[in-house]
Amino acid sequence: MDIMAFLKENVRPATGCTEPVAVAYATALAYEALQPKFFRTDIEKIIIKTDRDVFKNAYAVTIPGTGGQKGMAIAAAMGLFCNPEKKLNLFEAMDGSVVARAKEYLPKIQIQAVTDIEAQPELDIQVTIRGKQRQAFVRLRYDHENVAELIVDGQTRQLFSGQKKESRKFVLPQTLNEFLTIVQNMQPLEKAEVWKGLELNKKIAEEGLRKRYGAGMAYELLEMVKKNILADSTVM
């Protein structure tokens, strides 16, 4: 198993939950593709279609910098004000003024029934921005940064270099012994990459214990420990 390839494809930093961020990323790409002679005021409708898992995960999570806003609609509206070059970190510089402007576009956003996309195991996010005379369509597939389609005014744009047509299939270990063999044979660079991911996730977990975000699962679990409902056996 190629450890570095697996980590690079599956572990990367993101500002917020990856599902709504990816919706914002697709929206930002679609809006940018309509430039330079297309303005936010020209937008008549933004249509979002996703697979079931993205829909479910994006429904309840809080969007960073919004004061508790949730869901794909506000994420897409915020994407209109973001730089798509930042990809999954496009929310990192978000502030209240941008969120307030983004809310003006919420009535134009339509989230279509997820049954429009056939049940499938792979990620699928489709965003269409429509104006009176112009339209852009972006489709992310297989992972949150992979642009599978970019169509502007009926014309397919050439995809960016290095983008995948489909996800790479990794043969994952099935037993504890297989896991141990991989760990025991890891090279220093591979261990450093794993440690980087552990540190990021630890910071996220600590923040989730400190304050109630989204569904607040970590926070609520800690409260249950404090009330002696659960045993204090969590390892951090």
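The values are calculated or read from the model by the stated rules, or taken from the named source; none is laboratory data. Note that the coordinates shown come from a computational prediction; the quantities given were computed from them, not determined experimentally. So basically every Cβ, Gly included, is an ideal-geometry build from the backbone, and we count neighbours across all protein chains shown.
Each row is one residue, and each column tells you yes or no for (1) touching a helix residue (DSSP H, G or I) at 6+ places or on another chain (Cβ under 9 Å); (2) of a type in the set (S, T, N, Q).
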site	(1), (2)
Glu32	yes, no
Thr41	no, yes
Glu44	yes, no
Thr50	yes, yes
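Please indicate, with yes or no, whether at least one residue in the range 41-49 is assigned to a helix (DSSP H, G or I) and of a type in the set (A, V, I, L, M). Within the range 41-49, none of the residues are assigned to a helix (DSSP H, G or I) and of a type in the set (A, V, I, L, M).
When each of Lys103, Lys49 is tested for being more than 20 Å from Gly216 (Cβ to Cβ), in the same structural domain as Arg134 (by TED's automatic domain parsing), in contact with a strand residue (DSSP E or B) (Cβ under 9 Å, 6 or more places away or on another chain) and basic (Lys, Arg), the lone residue that passes is Lys49. Out of curiosity, is Ala22 over 13 Å from the mean Cα position of the chain (by Cα) and under 15 Å from Leu140 (Cβ atoms)? No, not satisfied.
Considering Gln110, Gln174, Gln158, Gln163, the condition of being at pLDDT below 90 and in a strand (DSSP E or B) is satisfied by Gln110 alone. In the range 59-92, what count of residues is obtained for those that are at pLDDT below 85 and either assigned to a helix (DSSP H, G or I) or not assigned by TED's automatic domain parsing to the domain that holds Lys49 (or both)? The qualifying residues number 2. Being under 30 Å from Leu180 (Cα atoms), more than 18 Å from the chain's Cα centre (by Cα), acidic (Asp, Glu) and outside the structural domain of Asn185 (by TED's automatic domain parsing) holds for only one residue in Asp95, Asp42, Asp2, and it is Asp2. Consider the range 197-214 and keep the residues that are assigned to a loop (DSSP other than H, G, I, E, B) and either closer than 23 Å to Asn10 by Cβ or in contact with a strand residue (DSSP E or B) (Cβ under 6 Å, 6 or more places away or on another chain) (or both). The one that is modelled with the lowest pLDDT is Gly214.
Criterion applied to Glu122, Glu149 was being at pLDDT 90 or above, assigned by TED's automatic domain parsing to the domain that holds Pro36 and under 18 Å from the mean Cα position of the chain (by Cα), and the one residue passing it is Glu149. Which members of the range 4-19 meet the condition of being touching a Phe, Trp or Tyr at 6+ places or on another chain (Cβ under 9 Å), of a type outside the set (Phe, Trp, Tyr) and part of a helix (DSSP H, G or I)? Correct list: Ala5, Glu9, Asn10, Glu19.
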